[in-house]
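The values are calculated or read from the model by the stated rules, or taken from the named source; none is laboratory data. Not measured: the values here are computed from a predicted model. Note that each Cβ is placed from the backbone with ideal geometry, even for glycine, and that neighbours are counted across all protein chains shown.
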Amino acid sequence: MLRRERWVHICEASALSEREFLTLDVLHGGDIVSCLVFRYQGMVYAYRNQCVHMVRRLDGEQKRIFDDAGELLRCSMHGIVYQPQTGESLSTMCRGEKLTPVKITEHEGGIYITDKRVRGIV
Ligand code: FES
């Protein structure tokens, strides 16, 4: 059974095209954190917007999160690249470390955060 009453509506599914992303501040546990939401190969994904290398946003230096080929997530600070589907660093630096995932779903034309730790958008 779906527990939709706890879902946090982000946007209409049609508002997030392939390789597009948005950032939002959410109440995550007791903290306000930046969250990345993007579409990749048709699926939507969300991670905390914090690099594994340093406490920096992936889009902190440039308002983009993908590499030039559009195939990997890339931190704009020092260039660590991540597998979009898993958030795992593929770079020598911090290899194997992972971005913190945030549970998300696309349902009946909307995109929702379903992560119990997220209480809402700030
Ligand atoms: S802070 Fe992201 S690669 Fe260094």
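A few points about this structure:
- Filtered residues of the range 34-54 (kept if over 14 Å from Lys116 (Cα atoms), of a type outside the set (D, E, K, R) and more than 16 Å from the ligand (Cβ to nearest atom)): Cys35, Val37, Phe38, Tyr40, Gln41, Gly42, Met43, Val44, Tyr45
- Boolean, Val37 is assigned by TED's automatic domain parsing to the domain that holds Val122, in contact (Cβ under 8 Å) with a residue 60 or more places away in the chain and surrounded by 15 or more Cβ atoms within 10 Å (Cβ to Cβ): yes
- Output for the range 65-86, where each listed residue is assigned to a loop (DSSP other than H, G, I, E, B), more than 13 Å from the ligand (Cβ to nearest atom) and under 18 Å from Arg48 (Cβ atoms): Gln83, Pro84, Gln85, Thr86
- Any chance Lys103 is loosely packed, with under 15 Cβ neighbours inside 10 Å, at pLDDT 95 or above and closer than 19 Å to His53 by Cβ: no
- Scanning the range 87-122 for residues that are outside any loop (DSSP other than H, G, I, E, B) and among the charged types (D, E, K, R) yields a total of 4.
- Cβ pairs under 8 Å, 6+ apart, first in the range 46-74 and closer than 13 Å to Ser34 by Cβ and aromatic (Phe, Trp, Tyr), second part of a strand (DSSP E or B) and within 8 Å of the ligand (Cβ to nearest atom): none
- Any hit, the range 85-99, residues being within 24 Å of Val122 (Cα to Cα) and of a type in the set (Val, Ile, Thr): no
- Of all the listed residues (Val44, Val8, Val52), the sole one being under 14 Å from Ile121 (Cα atoms) and of a type outside the set (Lys, Arg) is Val8.
- The numbered conditions (1) within 19 Å of Gly109 (Cα to Cα); (2) surrounded by 12 or more Cβ atoms within 10 Å (Cβ to Cβ) are all true for Leu73 except (1).
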